[in-house]
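**Q** Here you go, one structure.
All of the numbers you see were taken from the coordinates with simple rules; none came from a lab. The model shown is predicted, which means the values in this text are computed figures rather than measured ones. We place every Cβ from the backbone using ideal geometry, glycine too, and count neighbours over all the protein chains shown.
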Amino acid sequence: NGLIILMALSNVGKSALCLQIADQIAELSRKDVIYVTLEMTRSEHIARSISRLTLQEVQRSGYSVNFAKSFLDLTDARRYKSYRPEENRIITDAIERYKKYSTHIYFLDQARITVEDIRAAAIKHRDMTGEAPVIIIDYLQILSPLDEKAEIRLTVDKNIAILKALSKDLKTPIICISSINRSSYTGAITLSAGKESAGIEYAADQVLAFQFRDQSKTTDIDFEKKKQIREMEIHVLKSRNSEGSAKAYLNYQPKY
């Protein structure tokens, strides 16, 4: 259990990463996940997951990568007319694979969501199933405030405190995406980069930066975003129960 904050620039793939984390928890561990989505709908996230699975299917089967399907390939019905039987089979296999573990994923995608809504959903889930779910929140700064009159910095810090307490009460991980402040758009992401919050640095149990590999040396972020394969890293900036920092490297294919 613990509150885990994942910080990143806009539009680098932080939602895609967290969605893949949710899928893999559901598929490999058979644990339930509540995914709180404040920018996209449940159906959009499902299409993104199936897109990624089509890429994995072609990699497993040896077909051309062109047979894998993007989000638009899956959601634009007009495109299906030109698909070969092999492409349709890849889509079908990806959907069937998703069905097998999707019963462990619960999307919370209503228009207005507060931390109290998340708490209520998580406690209800625990009481009904006997086990607390992993919670993923996409993303921190656009959670609705409990007090409409409070300034945003106080709102974000209060939400962090409530989420941390919820993680402790339910003994479950809560992963929360955070945007970063504009002054951190260049150079490597630091522990103090969380937008509209000082609480991230002090209250979170783990703080992760999701960024381009060697981002401190990256001078053209827009150029990096246009690459078909982005070389990324997850940098552990803070971990309450372990020593030092660490990095994990991964490649991200935005199309899928």
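**Q** Sort 6-19, 140-153 for me by packing, meaning the mean count of neighbouring Cβ atoms within 10 Å per residue, highest on top.
**A** Ranking, from highest mean packing down: 6-19, 140-153.
**Q** Give me the distance in nm between label points sitting 7 Å out from Cα along the Cα-to-Cβ direction at I152 and Y80, one decimal.
**A** 4.1
**Q** Let me ask something else about it. Too long at a 24 Å Cα-Cα cut-off: which of K158/K225; K164/K226; K171/K195; K100/K247; K217/K247?
**A** K158/K225; K164/K226; K171/K195; K100/K247
**Q** Would you kindly state how much longer the chain becomes between A120 and A246 on full extension, computed as 0.36 nm times their sequence separation minus their alpha carbon distance, in nm to one decimal?
**A** Computed gain between A120 and A246 is 41.9 nm.
**Q** Here's a follow-up. Could you tell me the largest-minus-smallest coordinate of the C-alpha atoms of the chain on each of the three principal axes, in descending order and whole angstroms?
**A** The principal-axis extents, from largest down, are 54, 50, 37 Å.
**Q** Place a point 7 Å from the Cα of F71 along the Cα-to-Cβ direction; which residues of region 241-256 have their backbone N under 15 Å from it?
**A** Backbone N within reach: 253-256.
**Q** Please report, in debye to the nearest 20, how large the charge dipole of region 103-255 is about its Cα centre when each Lys and Arg carries +1 at its beta carbon and each Asp and Glu carries -1 there.
**A** For region 103-255, the charge dipole is close to 240 debye.
**Q** Quick one: Kirkwood hydrodynamic radius for region 193-250, alpha-carbon pairs, angstrom, one decimal?
**A** Mean inverse Cα-Cα distance, inverted, gives 12.9 Å.
**Q** Could you work out how far the C-alpha centroid of region 108-137 sits from that of region 31-64, in angstrom?
**A** 21
**Q** What share of all Cα pairs of region 3-54, in percent, falls into each consecutive 10 Å distance bin?
**A** Going from the shortest bin to the longest, the percentages are 21, 57, 22, 0.
**Q** Based on the Cβ-Cβ distance of S10 and T92, what FRET efficiency does E = 1/(1 + (r/R0)^6) give at R0 = 25 Å, to the nearest 0.05?
**A** Given R0 = 25 Å and the Cβ-Cβ separation, E is 0.15.
**Q** Something else: For the chain, what is the calculated [θ] at 222 nm in deg cm²/dmol (nearest 500), taking -39500 (n - 2.57) for each run of four or more DSSP H residues and dividing by its residue count?
**A** -12000 deg cm²/dmol
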